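Asker: Just passing along the structure, written as structure tokens.
The values are calculated or read from the model by the stated rules, or taken from the named source; none is laboratory data. On a predicted model such as this, the values are computed, not experimentally measured, just so you know. Note that each Cβ is placed from the backbone with ideal geometry, even for glycine, and that neighbours are counted across all protein chains shown.
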Amino acid sequence: MTIEGRSDAASRPGPFGEPAALARRDVTTNADERRVKSEGEDTETRLREATVQFEAVFVQQMLAAMRSTIPEGGAIDGGHGEDMWASVLDEHLAQLMAGESHGGLADALYRQLTRGVGR
């Protein structure tokens with residue numbers, strides 16, 4: 001089949017009788033639309049993750065500050081090992097606590113940052 005003197009794959013009919021070039025363009029357009037939508041969702045997901053990570057760092061710093069107010073010494077003194085593992089514990093607790101409460105720091109940051117984007 002030839003359209004305007006051309007005899008290539010673009011002039012062959014697609015699955016619904018239209019030229020294959022049009023069918024491919026529609027598929028490409030739909031794929032592009034899905035990609036843009038996916039990128040938007042990906043941006044929102046990355047922003048949500050970043051705000052939760054920020055909250056985790058904040059909580060970790062708060063836990064370390066609280067721990068520093070506890071007097072050292074006493075009947076059991078863990079020494080340097082206790083200091084190291086207390087830091088690991090603070091980091092783990094901060095990861096668990098961040099993003100768990102609705103209306104927390106991560107949610108407030110997310111709302112504030114998306115407000116400027118128009119969402």
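Asker: Kindly list, by first and then second residue, each pair from a residue in region 78-94 that is closer than 16 Å to VAL52 by Cα and without any contact (Cβ under 8 Å) to a residue 12 or more places away in the chain to a residue that is acidic (Asp, Glu) and surrounded by 13 or more Cβ atoms within 10 Å (Cβ to Cβ), limited to pairs with Cβ atoms under 9 Å and residues at least 6 apart or on different chains.
Answerer: Qualifying pairs under 9 Å: none.
Asker: Mind checking which residues of region 85-113 are at pLDDT 90 or above and more than 16 Å from GLN61 (Cβ to Cβ)?
Answerer: ASP107, ALA108, TYR110, ARG111, GLN112, LEU113
Asker: Name every residue in region 41-65 that is buried (at least 16 other Cβ atoms within 10 Å of the Cβ) and in contact (Cβ under 8 Å) with a residue 60 or more places away in the chain, in order of residue number.
Answerer: LEU47, ARG48, THR51
Asker: Hey, could you check region 52-79 for residues that are modelled with pLDDT under 90 and among the hydrophobic types (A, V, I, L, M, F, W, C) and say which is farthest from LEU93 (Cα to Cα)?
Answerer: Step by step, filter region 52-79, then rank; the result is ALA75.
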